[in-house]
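In what follows, a single structure is set out as C-alpha coordinates and then discussed.
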Amino acid sequence: MQDIEFTVQDGTLYFLQARAAKRAPEAALKIATDMLDEGTIDEATALTRITPDQVRSLLAPRLADGAAASAETLARGEAASPGIGIGVVVTDSDEAERRAANGEAVILARATTSPDDLHGMIAAMAVVTERGGSTSHAAVVSRALGVPCVTGCGDATVTALAGRTITVDGAEGLILADALDVQEPDETALSGIVRLTRIAEGVSPVRVILPGDAPSSALDLNAVEGGSELDRLPELLKGVDIAGGGALADDKGVAIAVAAGVKTIVGQPRLAILLAALRAQKTNEDRETIAVEASV
(Lines give C-alpha, C1' and ligand atoms only; values in the text may rest on other atoms or scores of the structure.)
Protein backbone atom coordinates (compact mmCIF):
# COMPACT_ATOMS: atom_id res chain seq x y z
CA MET A 1 0.00 0.00 0.00
CA GLN A 2 1.65 3.19 -1.21
CA ASP A 3 1.22 6.94 -0.85
CA ILE A 4 2.10 8.36 -4.29
CA GLU A 5 2.61 12.04 -5.07
CA PHE A 6 2.34 13.12 -8.69
CA THR A 7 1.76 16.15 -10.85
CA VAL A 8 0.66 16.78 -14.41
CA GLN A 9 2.46 19.50 -16.32
CA ASP A 10 1.88 20.33 -19.99
CA GLY A 11 0.15 17.01 -20.52
CA THR A 12 2.95 14.95 -18.96
CA LEU A 13 2.47 12.86 -15.80
CA TYR A 14 5.38 13.08 -13.34
CA PHE A 15 5.70 10.81 -10.31
CA LEU A 16 7.34 12.80 -7.50
CA GLN A 17 7.73 10.26 -4.72
CA ALA A 18 6.25 7.12 -3.18
CA ARG A 19 6.32 5.83 0.37
CA ALA A 20 4.62 3.21 2.48
CA ALA A 21 1.18 4.57 3.33
CA LYS A 22 -0.24 4.83 6.82
CA ARG A 23 -2.97 2.33 7.50
CA ALA A 24 -5.36 1.47 10.28
CA PRO A 25 -4.51 -1.68 12.29
CA GLU A 26 -7.44 -3.54 10.71
CA ALA A 27 -6.20 -2.59 7.24
CA ALA A 28 -2.59 -3.59 8.05
CA LEU A 29 -3.75 -7.05 9.13
CA LYS A 30 -5.99 -7.56 6.08
CA ILE A 31 -3.37 -6.33 3.60
CA ALA A 32 -0.70 -8.62 5.08
CA THR A 33 -2.88 -11.74 5.02
CA ASP A 34 -4.40 -10.96 1.60
CA MET A 35 -0.96 -10.51 0.03
CA LEU A 36 0.18 -13.73 1.70
CA ASP A 37 -2.81 -15.56 0.18
CA GLU A 38 -2.00 -14.11 -3.24
CA GLY A 39 1.63 -15.23 -3.02
CA THR A 40 2.79 -11.63 -3.38
CA ILE A 41 4.80 -11.86 -0.13
CA ASP A 42 6.14 -14.77 1.92
CA GLU A 43 5.46 -15.56 5.57
CA ALA A 44 8.57 -13.77 6.86
CA THR A 45 7.58 -10.60 5.03
CA ALA A 46 3.98 -10.81 6.25
CA LEU A 47 5.23 -10.62 9.84
CA THR A 48 6.90 -7.28 9.05
CA ARG A 49 3.72 -5.73 7.62
CA ILE A 50 1.98 -5.30 10.96
CA THR A 51 3.56 -3.78 14.06
CA PRO A 52 3.28 -4.88 17.69
CA ASP A 53 1.47 -1.62 18.50
CA GLN A 54 -1.09 -2.28 15.75
CA VAL A 55 -1.76 -5.73 17.22
CA ARG A 56 -2.19 -4.21 20.69
CA SER A 57 -4.62 -1.67 19.27
CA LEU A 58 -6.64 -4.39 17.56
CA LEU A 59 -6.90 -6.47 20.72
CA ALA A 60 -7.14 -3.75 23.38
CA PRO A 61 -10.32 -3.65 25.47
CA ARG A 62 -12.68 -1.01 24.13
CA LEU A 63 -15.94 0.54 25.10
CA ALA A 64 -19.09 -1.06 23.72
CA ASP A 65 -20.53 0.65 20.65
CA GLY A 66 -22.30 3.87 21.62
CA ALA A 67 -21.22 3.71 25.28
CA ALA A 68 -19.00 6.80 25.16
CA ALA A 69 -21.53 8.85 23.19
CA SER A 70 -24.23 8.35 25.80
CA ALA A 71 -21.95 8.84 28.84
CA GLU A 72 -21.13 12.04 30.70
CA THR A 73 -17.58 13.24 30.00
CA LEU A 74 -16.02 14.34 33.29
CA ALA A 75 -12.58 15.32 31.98
CA ARG A 76 -10.29 15.11 28.98
CA GLY A 77 -6.53 14.79 28.82
CA GLU A 78 -3.69 13.28 26.86
CA ALA A 79 -4.04 9.66 25.82
CA ALA A 80 -0.87 8.49 27.57
CA SER A 81 -1.39 4.71 27.77
CA PRO A 82 -4.16 2.79 25.95
CA GLY A 83 -6.78 0.55 27.48
CA ILE A 84 -9.94 0.78 29.56
CA GLY A 85 -9.93 1.08 33.35
CA ILE A 86 -13.04 1.11 35.54
CA GLY A 87 -13.14 1.74 39.27
CA VAL A 88 -13.57 4.11 42.20
CA VAL A 89 -11.23 7.10 42.23
CA VAL A 90 -8.76 7.26 45.11
CA THR A 91 -6.17 9.98 45.53
CA ASP A 92 -3.61 8.24 47.74
CA SER A 93 -1.32 5.42 46.58
CA ASP A 94 -1.33 3.64 49.94
CA GLU A 95 -5.13 3.65 49.93
CA ALA A 96 -5.18 2.39 46.33
CA GLU A 97 -2.94 -0.53 47.26
CA ARG A 98 -4.95 -1.36 50.39
CA ARG A 99 -8.35 -1.24 48.70
CA ALA A 100 -7.13 -3.20 45.67
CA ALA A 101 -5.76 -5.90 48.00
CA ASN A 102 -9.30 -6.22 49.38
CA GLY A 103 -10.63 -6.90 45.88
CA GLU A 104 -11.88 -3.41 45.01
CA ALA A 105 -11.28 -1.91 41.56
CA VAL A 106 -9.67 1.50 42.02
CA ILE A 107 -8.46 4.35 39.80
CA LEU A 108 -5.47 6.32 41.09
CA ALA A 109 -5.85 10.07 40.53
CA ARG A 110 -2.97 12.39 41.40
CA ALA A 111 -1.79 15.87 40.48
CA THR A 112 1.36 14.14 39.23
CA THR A 113 3.00 10.84 40.08
CA SER A 114 6.49 10.03 41.33
CA PRO A 115 8.40 6.81 42.11
CA ASP A 116 6.73 6.90 45.53
CA ASP A 117 3.40 6.19 43.79
CA LEU A 118 4.54 3.03 42.02
CA HIS A 119 2.79 0.62 44.38
CA GLY A 120 -0.49 2.49 43.90
CA MET A 121 -0.08 2.52 40.12
CA ILE A 122 0.51 -1.23 40.09
CA ALA A 123 -2.67 -1.77 42.14
CA ALA A 124 -4.85 0.59 40.09
CA MET A 125 -7.01 -0.23 37.08
CA ALA A 126 -5.97 3.13 35.55
CA VAL A 127 -4.05 6.29 36.38
CA VAL A 128 -5.25 9.89 35.94
CA THR A 129 -3.16 13.02 36.51
CA GLU A 130 -3.87 16.74 36.49
CA ARG A 131 -0.53 17.66 34.93
CA GLY A 132 2.01 16.05 32.62
CA GLY A 133 2.10 14.71 29.09
CA SER A 134 3.08 11.62 27.15
CA THR A 135 6.63 11.64 28.58
CA SER A 136 5.68 12.30 32.21
CA HIS A 137 6.40 9.79 34.98
CA ALA A 138 2.76 8.67 35.03
CA ALA A 139 2.70 8.07 31.27
CA VAL A 140 6.02 6.25 31.01
CA VAL A 141 5.44 3.98 34.00
CA SER A 142 1.82 3.24 33.05
CA ARG A 143 2.90 2.12 29.59
CA ALA A 144 5.57 -0.09 31.15
CA LEU A 145 2.97 -1.61 33.48
CA GLY A 146 0.31 -1.92 30.78
CA VAL A 147 -2.06 0.28 32.81
CA PRO A 148 -4.42 2.75 31.05
CA CYS A 149 -3.44 6.35 31.73
CA VAL A 150 -4.75 9.83 30.94
CA THR A 151 -2.50 12.77 31.83
CA GLY A 152 -2.87 16.54 31.85
CA CYS A 153 -6.57 16.66 32.74
CA GLY A 154 -6.27 20.08 34.37
CA ASP A 155 -6.16 21.55 37.86
CA ALA A 156 -8.80 20.42 40.39
CA THR A 157 -9.50 17.20 38.44
CA VAL A 158 -8.45 15.04 41.40
CA THR A 159 -10.82 16.84 43.79
CA ALA A 160 -13.70 16.63 41.32
CA LEU A 161 -13.26 12.91 40.71
CA ALA A 162 -12.43 11.66 44.22
CA GLY A 163 -14.82 8.94 45.36
CA ARG A 164 -16.63 8.64 42.02
CA THR A 165 -16.92 5.50 39.93
CA ILE A 166 -15.48 6.31 36.51
CA THR A 167 -14.38 4.74 33.25
CA VAL A 168 -10.97 5.75 31.90
CA ASP A 169 -10.39 5.42 28.15
CA GLY A 170 -6.62 5.62 27.81
CA ALA A 171 -6.70 5.45 24.02
CA GLU A 172 -9.00 8.48 23.64
CA GLY A 173 -7.91 10.47 26.69
CA LEU A 174 -11.41 10.46 28.18
CA ILE A 175 -12.68 10.27 31.76
CA LEU A 176 -16.31 9.15 31.69
CA ALA A 177 -18.90 8.91 34.46
CA ASP A 178 -19.95 5.53 35.89
CA ALA A 179 -18.94 2.01 34.90
CA LEU A 180 -19.54 1.55 31.19
CA ASP A 181 -19.85 -1.67 29.19
CA VAL A 182 -16.53 -2.91 27.79
CA GLN A 183 -15.81 -5.28 24.92
CA GLU A 184 -12.85 -7.64 25.21
CA PRO A 185 -11.64 -8.60 21.71
CA ASP A 186 -10.85 -12.30 21.38
CA GLU A 187 -7.56 -12.87 19.54
CA THR A 188 -8.64 -16.42 18.70
CA ALA A 189 -11.69 -15.03 16.87
CA LEU A 190 -9.61 -13.02 14.38
CA SER A 191 -8.40 -15.42 11.72
CA GLY A 192 -5.62 -13.10 10.58
CA ILE A 193 -4.24 -12.80 14.13
CA VAL A 194 -4.42 -16.57 14.63
CA ARG A 195 -2.62 -17.19 11.35
CA LEU A 196 0.22 -14.71 11.96
CA THR A 197 0.60 -15.93 15.56
CA ARG A 198 1.14 -19.48 14.29
CA ILE A 199 3.74 -18.27 11.79
CA ALA A 200 5.52 -16.11 14.38
CA GLU A 201 5.65 -18.97 16.90
CA GLY A 202 7.70 -20.98 14.42
CA VAL A 203 10.48 -18.38 14.10
CA SER A 204 10.40 -16.27 17.29
CA PRO A 205 13.40 -16.44 19.65
CA VAL A 206 10.98 -16.70 22.61
CA ARG A 207 7.87 -18.65 23.50
CA VAL A 208 4.86 -16.64 24.73
CA ILE A 209 2.24 -18.02 27.10
CA LEU A 210 -0.86 -16.42 28.60
CA PRO A 211 -0.87 -15.30 32.26
CA GLY A 212 -3.33 -18.04 33.16
CA ASP A 213 -0.87 -20.68 31.95
CA ALA A 214 2.16 -19.32 33.80
CA PRO A 215 3.91 -21.68 36.24
CA SER A 216 4.58 -20.57 39.80
CA SER A 217 8.30 -20.39 38.99
CA ALA A 218 7.78 -17.51 36.52
CA LEU A 219 9.31 -14.19 37.58
CA ASP A 220 6.57 -11.54 37.96
CA LEU A 221 8.28 -8.22 37.33
CA ASN A 222 5.26 -6.33 38.68
CA ALA A 223 6.00 -7.83 42.08
CA VAL A 224 9.73 -7.04 42.02
CA GLU A 225 11.25 -3.74 43.11
CA GLY A 226 12.43 -1.95 39.97
CA GLY A 227 10.51 -4.33 37.73
CA SER A 228 8.86 -1.47 35.84
CA GLU A 229 12.16 0.30 35.16
CA LEU A 230 13.72 -0.62 31.81
CA ASP A 231 17.25 0.19 32.96
CA ARG A 232 16.89 -2.39 35.76
CA LEU A 233 15.61 -5.20 33.54
CA PRO A 234 18.99 -6.59 32.34
CA GLU A 235 20.00 -7.14 35.96
CA LEU A 236 16.62 -8.55 37.02
CA LEU A 237 16.35 -10.92 34.03
CA LYS A 238 19.88 -12.29 34.22
CA GLY A 239 19.70 -16.08 34.33
CA VAL A 240 15.86 -16.08 34.21
CA ASP A 241 14.16 -18.52 31.82
CA ILE A 242 10.54 -17.39 32.18
CA ALA A 243 9.24 -13.96 33.14
CA GLY A 244 6.19 -11.75 32.84
CA GLY A 245 4.91 -8.38 33.93
CA GLY A 246 3.89 -5.06 32.46
CA ALA A 247 7.44 -4.10 31.45
CA LEU A 248 7.49 -7.03 29.02
CA ALA A 249 4.38 -5.74 27.26
CA ASP A 250 6.60 -2.94 25.93
CA ASP A 251 8.75 -3.46 22.80
CA LYS A 252 11.86 -2.21 24.60
CA GLY A 253 11.20 -4.55 27.49
CA VAL A 254 10.81 -7.50 25.12
CA ALA A 255 14.09 -6.56 23.40
CA ILE A 256 15.87 -6.53 26.76
CA ALA A 257 14.38 -9.94 27.62
CA VAL A 258 15.60 -11.39 24.30
CA ALA A 259 19.10 -9.99 24.88
CA ALA A 260 19.09 -11.41 28.43
CA GLY A 261 18.31 -14.89 27.13
CA VAL A 262 14.77 -15.24 28.51
CA LYS A 263 13.18 -18.29 26.87
CA THR A 264 9.50 -17.73 27.72
CA ILE A 265 7.54 -14.50 28.22
CA VAL A 266 4.21 -14.41 30.05
CA GLY A 267 1.83 -11.86 28.58
CA GLN A 268 -0.72 -10.88 25.99
CA PRO A 269 -1.55 -10.27 23.24
CA ARG A 270 0.80 -13.05 22.26
CA LEU A 271 1.33 -11.89 18.68
CA ALA A 272 2.48 -8.42 19.78
CA ILE A 273 5.18 -9.92 22.01
CA LEU A 274 6.26 -12.42 19.33
CA LEU A 275 6.60 -9.64 16.75
CA ALA A 276 8.56 -7.45 19.18
CA ALA A 277 10.91 -10.37 19.87
CA LEU A 278 11.46 -10.95 16.14
CA ARG A 279 12.27 -7.28 15.62
CA ALA A 280 14.72 -7.36 18.52
CA GLN A 281 16.39 -10.46 17.08
CA LYS A 282 16.71 -8.80 13.66
CA THR A 283 18.23 -5.67 15.22
CA ASN A 284 20.79 -7.78 17.11
CA GLU A 285 21.70 -9.69 13.96
CA ASP A 286 22.13 -6.45 12.00
CA ARG A 287 24.43 -5.06 14.68
CA GLU A 288 26.54 -8.22 14.65
CA THR A 289 26.81 -8.06 10.86
CA ILE A 290 27.92 -4.41 10.99
CA ALA A 291 30.47 -5.22 13.68
CA VAL A 292 31.93 -8.08 11.62
CA GLU A 293 32.10 -5.98 8.47
CA ALA A 294 33.75 -3.14 10.39
CA SER A 295 36.45 -5.47 11.70
CA VAL A 296 37.35 -6.84 8.25
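The values are calculated or read from the model by the stated rules, or taken from the named source; none is laboratory data. Just so it is clear, the structure is predicted and the values come from calculations on it, not from any experiment. Because the Cβ atoms are built from the backbone with ideal geometry, glycine has one as well, and the counts that use them run over all protein chains shown. Note: accessible area is taken over every heavy atom of the protein model, side chains too, but ligands, DNA and RNA are not part of it. Shrake-Rupley method; radii C 1.70, N 1.55, O 1.52, S 1.80 Å.
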> How do the peptides 140-153, 78-91 rank, highest first, by the average count of neighbouring beta carbon atoms within 10 Å per residue?
Replying inline: 140-153, 78-91
>> Which trypsin sites (Lys or Arg not before Pro) in the range 1-82 sit in a loop by DSSP (not H, G, I, E or B) and have at most 14 other Cβ atoms within 10 Å of their own Cβ?
In response: LYS22
> Scattering from the C-alpha atoms of the range 146-289 alone, worked out with Debye: what is log10 I(q)/I(0) at q = 0.21 1/Å?
Replying inline: -1.22
> What's the center-to-center distance, using Cα atoms, between the range 103-139 and the range 5-41 in Å?
Replying inline: 41 Å
> Suppose every K and R has +1 on its Cβ and every D and E has -1 on its Cβ; what is the size of the dipole of the chain about the Cα centre, in Debye to the nearest 20?
Replying inline: 260 debye
>> Quick check: at a probe of 1.4 Å, how many percent of the accessible area of the chain sits on carbon and sulfur atoms?
In response: 50 percent
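Using the reciprocal of the averaged 1/r over all distinct C-alpha pairs, how large is the Kirkwood radius of the chain in Å? Let's see the in-between values first.
On the way: mean 1/r = 0.0479 Å⁻¹.
Evaluated over the chain, this radius sits at 20.9 Å.
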> Taking the Cα centre of the chain as the origin and placing charges on Cβ (Lys, Arg +1; Asp, Glu -1), which of GLY66, THR113, LEU145 is farthest toward the positive end of the dipole?
Replying inline: LEU145
> Counting only pairs 8 or more places apart or on different chains, how many lysine pairs in the chain have C-alpha atoms closer than 23 Å?
Replying inline: 9
>> Counting just the Cα atoms, what span does the range 54-136 cover along each of its three principal axes? Round to the nearest Å and put the largest first.
In response: 35, 30, 28
> Of all DSSP beta bridges located in the chain, what percent are antiparallel, nearest 5?
Replying inline: 60 percent
> Between the range 211-253 and the range 185-202, what is the C-alpha centre distance in whole Å?
Replying inline: 24 Å
>> If you count only protein heavy atoms with a 1.4 Å probe, what accessible area per residue comes out for the chain, rounded to a whole Å²?
In response: 52 Å²
>> Calculate log10 I(q)/I(0) of the range 115-209 for q = 0.14, 0.25 Å⁻¹, where I(q) comes from the Debye formula with a single equal point scatterer on each Cα and nothing for solvent.
In response: -0.68, -1.29
> Any idea of PHE15's accessible area? Nearest 10 Å², probe 1.4 Å.
Replying inline: 150 Å²
> Excluding ligands and nucleic acids, what accessible area in Å² is computed for ASP92 using a 1.4 Å probe, to the nearest 10?
Replying inline: 60 Å²
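Based on DSSP H runs of at least 4 residues, each adding -39500 (n - 2.57), what is the mean residue ellipticity at 222 nm of the chain after dividing by all its residues, to the nearest 500 deg cm²/dmol? Spell out each step's value before the answer.
Details: 12 runs with 113 residues, N = 296.
Result for the chain, helices only: -11000 deg cm²/dmol.
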> Using r as the Cβ-Cβ distance of ALA156 and ARG23, and R0 as 41 Å, what FRET efficiency do you calculate, to the nearest 0.05?
Replying inline: 0.55
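Please sort 271-280, 224-233, 104-113 by packing, taking for each peptide the average over its residues of neighbouring beta carbons within 10 angstrom, highest first. Mind dumping the intermediate values first?
Values: 271-280: 25.8, 224-233: 17.2, 104-113: 22.1.
Descending mean neighbour count gives 271-280, 104-113, 224-233.
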